[in-house]
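Worksheet: the structure to be examined is printed underneath.
Laboratory data are not the source of any read-out in this text; all were calculated from the coordinates shown. The structure displayed is predicted, hence computed values, not measured ones. Cβ coordinates were reconstructed from backbone atoms using ideal geometry, including for glycine residues, and neighbour counts include every protein chain displayed.
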Amino acid sequence: MPEYVKLIYGEKTYELPIVVGSEGEKAIDISTLRQTTGLITLDPGFGNTGSCVSSITFMNGEKGILRYRGIPVEQLAEHSIFTETTYLLINGVLPTRKQLNAFSILLNDNSLIHEDMQSFFQSFPRASHPMGILSSMVTALRSFYPEIKIFEEEINLTVTRLLSKIRTLAAMSYKISRGHKVVYPRPDLSYGANFLNMMFDNPVKPYQIDEDLVKALNVFWILHADHEQNCSTSTVRMVGSGRVNLYAAISAGVAALWGPLHGGANQAVIEMLTKIREEDGGNVNRAVERAKDKNDPFRLMGFGHRVYKTYDPRARIMKRTCDLVLEKLNITDPLLDIAKNLEAVVLKDSYFIEHNLYPNVDFYSGIVLRALGIPTNMFTVMFAIGRLPGWIAQWKESVDDPDWRLSRPRQIYAGPPSLNYVPVDERQ
Ligand code: ACO
């Protein structure tokens, strides 16, 4: 039996249908609201607004659940590899062995980038942030790999190119920023091993691939692979709704991810922990007090989430991965001790309990990346590589949606009423 909500406005009562998702989530369908009532809804930050119906990722922020295409992220992190999870997100089902092998070959075949693109890297100022470079380079790919006219072929090839070339671009930007010779991708290496090799191999000290570290990188990427309608994914969908090419939509997603309240938080966490170490000798109390002070804009980076009101399930896995990596490498990271201490203090503090603020995925991920040798300013690039399959899957779903419309939110205007233009010499 279809459900409705009743809206009483003026003399009239309107019935608005309820849409029910496959996990029982309910939404009021307001698609006819303005047409029938003249009203719009107002929801800054979209905390109460569903922008689409999607079959890709399910998350429940109250219970701390995250599933890709129905499969819990915990199972994927334990048993899957990033390329397989990528296939799952984009195609909707896990690949057979044959499909997975074919996909890996396709990724290898498309891993090189046009040699001329190397000259672009040289033109960026040395201090450029890698996210700015990545966003520009992804857009530039469009010029080097122009459109193929057959739509399906174009999409499949563009998707493969992006997935494969993004890690080549990332590693290349790192090498060039250090003045080192770039390392080319190798067909005999897996996606993750290839990336680490391109980052760290050099003629003097060949990189030794360690499968445990490759596994940790895979876990990091799998945990970041999709997160339904977050800021950068919504950006990809919104930019894509203007029927822009996929490269441009992904480039916009990279730019959106850059912000410290979103993907940039992993870098911000390490900077915060370093500051606590350097300025407060590792004592977390001042940072905690500042975060609670209404008159201080400081926030604890790596805590809180728009949707999770309990422990982020990804943070739990990331914390475990962090311990495993440091143990494997036999290193101690003083920032990990500070992080664990900060978490322990926060979880007992009434302010954070009342505000439902728990560690999010970014809290421990920076320590894992540091241990792998990734420089801090590359952390958000690592997140972008991980999030790419999600962006692509969401973009593809929106392209295939028969109800797809140009995204165009409305507003309530609060500026001055109609005024007449005053010529410049008559202005007071
Ligand atoms: N430290 C201290 N207080 C916080 C924090 C924090 N990290 N996060 C939220 N709060 C407080 C706010 O001050 C506010 O308090 P008030 O209601 O007393 O005024 C309340 O919690 C709600 O905050 P909002 O900003 O409205 O919550 P929102 O859902 O918009 O924010 C966000 C989510 C942006 C992630 C926020 O928690 C934050 O800034 N966290 C730090 C940055 C971070 O870790 N970002 C990564 C998120 S995960 C990701 O994008 C991959």
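Brief remarks on what is shown
- The order of the peptides 207-220, 373-386 by mean Cβ neighbours within 10 Å, most packed first, is 373-386, 207-220.
- Angle of helix 362-372 to the longest C-alpha principal axis of the chain, folded into 0 to 90 degrees and rounded to 10: 20°.
- Column: log10 I(q)/I(0), Debye, Cα scatterers of the chain, q = 0.08, 0.13 Å⁻¹: -0.51, -1.22
- Nonlocal Lys pairs with alpha-carbon distance under 26 Å, the range 265-372 (8 or more apart, or different chains): 20
- Extension reserve of the R427-K294 stretch, reckoned as 0.36 nm per residue once the Cα distance is removed: 43.7 nm
- DSSP-loop trypsin sites (Lys or Arg not before Pro) across the range 255-341, with at most 13 other Cβ within 10 angstrom: K294
- For trypsin sites (Lys or Arg not before Pro), the sites in the range 1-100 that DSSP calls loop and that have at most 14 other Cβ atoms within 10 Å are K63.
- Computed over the range 265-372, the alpha-carbon pair-distance distribution with 5 angstrom bins reads 2, 13, 24, 26, 21, 10, 4, 1, 0, each value a whole percent.
- The angle between the Cα long axis of helix 151-177 and the main principal axis of the chain comes to about 50°, on a 0 to 90 degree scale.
- Applying a DSSP loop filter and a limit of 15 other Cβ atoms within 10 Å to the chymotrypsin sites (Phe, Trp or Tyr not before Pro) in the range 267-308 leaves F298.
- Residue order, fewest to most beta carbons within 10 Å, for E271, E74: E271, E74
- Taking label positions 7 Å along the Cα-Cβ direction at both N285 and Q122, the computed distance is 5.6 nm, reported to one decimal.
- Inter-centroid distance (Cα atoms) of the range 355-428 relative to the range 184-220, Å: 31 Å
- Whether the range 128-278 is rounded, prolate or oblate, judged on the alpha carbon gyration tensor where a/c under 1.5 counts as rounded: oblate
- Sequence of V269, V424 once ranked by neighbouring C-beta atoms within 10 Å, starting from the fewest: V424, V269
- C-alpha long axis of helix 130-144 to longest principal axis of the chain, angle in °: 80 degrees
- Between A344 and E153, the modelled labels are 6.2 nm apart [label points 7 Å from Cα along Cα→Cβ].
- Pairwise Cα inverse-distance average, inverted: Kirkwood Rh of the range 4-65 (Å): 13.6 Å
- Helices in the chain, meaning DSSP H runs of at least 4 residues, each add -39500 (n - 2.57). Divided by all residues, the mean residue ellipticity at 222 nm is -16500 deg cm²/dmol.
- Rh by Kirkwood over Cα pairs, then Stokes-Einstein D for the range 181-245 at 1.002 mPa s and 20 °C, µm²/s: 149 µm²/s
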